[in-house]
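Every number here is computed from the coordinates shown, using simple stated rules; none is lab data. These numbers come from a predicted model, not from an experiment. Note: ideal-geometry Cβ built from the backbone for every residue, glycine included; neighbour counts use all protein chains shown.
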Amino acid sequence: MSDTIQLVSFRLQQDKTAADWLKANEKIDAWIITQPGFRFRSVSETEGGEWLAITYWESPEAAGAASSHFGEELGSICQPLIADGSVSISHSKAHTMLLHR
């Protein structure tokens, strides 16, 4: 299976907590599972306080379509929590060997 993997890394604003982010993330999860081509998503926090959201899509087009709507639909939820200038987004095409849902 060939998928597109989107990796988003970011940091929270200094006065925000993991609980704040995880509460907002519930709305992101509810939205993202309805997007065409969505396969799987995980969210993790590193020991250094960086957050990683890894999303598997069926194609680059599916990832791009969701990304183009994300800001207008969920930006107001994310923006108050995420530190300015901390977001990095990358896409990779990969052959998924094993994916559990």
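What ranking do 34-41, 67-74, 83-90 get when scored by the average of other Cβ atoms within 10 Å per residue, highest first?
34-41, 67-74, 83-90
Could you give me the ³J(HN,Hα) list for the range 25-30, computed from phi with Karplus coefficients 6.51, -1.76, 1.60 and θ = phi - 60°, whole Hz, x at Gly and Pro?
Couplings: 5, 4, 6, 5, 4, 4 Hz.
Neighbouring Cβ atoms within 10 Å as the yardstick, rank Trp57, Trp21 fewest first.
Sorted ascending by nearby Cβ count, the order is Trp21, Trp57.
With angles folded into 0 to 90 degrees, how steeply does helix 60-78 sit against the dominant principal axis of the chain? Use alpha carbons for both and round to 10.
So the helix axis and the longest Cα principal axis differ by about 20 degrees.
Please compute the modelled spin-label separation between Leu7 and Arg39, points set 7 Å along Cα→Cβ, answer in nm with one decimal.
With each label placed 7 Å out from Cα toward Cβ, I get 1.6 nm.
If we restrict to alpha carbons, what Rg and Dmax does the range 2-95 come to, in Å?
Rg and Dmax of the range 2-95, Cα atoms, are 13.0, 40 Å.
Can you run phi through the Karplus equation (6.51, -1.76, 1.60; θ = phi - 60°) for the range 35-50 and list ³J(HN,Hα) in whole Hz, with x for Gly and Pro?
7, x, x, 5, 10, 6, 8, 10, 10, 9, 10, 7, 4, x, x, 8
Convert each backbone phi in the range 82-94 into a coupling constant with the Karplus relation 6.51 cos²θ - 1.76 cosθ + 1.60 (shift: θ = phi - 60°), then list the ³J(HN,Hα) values in order as whole Hz, x for Gly and Pro.
8, 5, 4, x, 9, 7, 10, 10, 9, 10, 9, 8, 9
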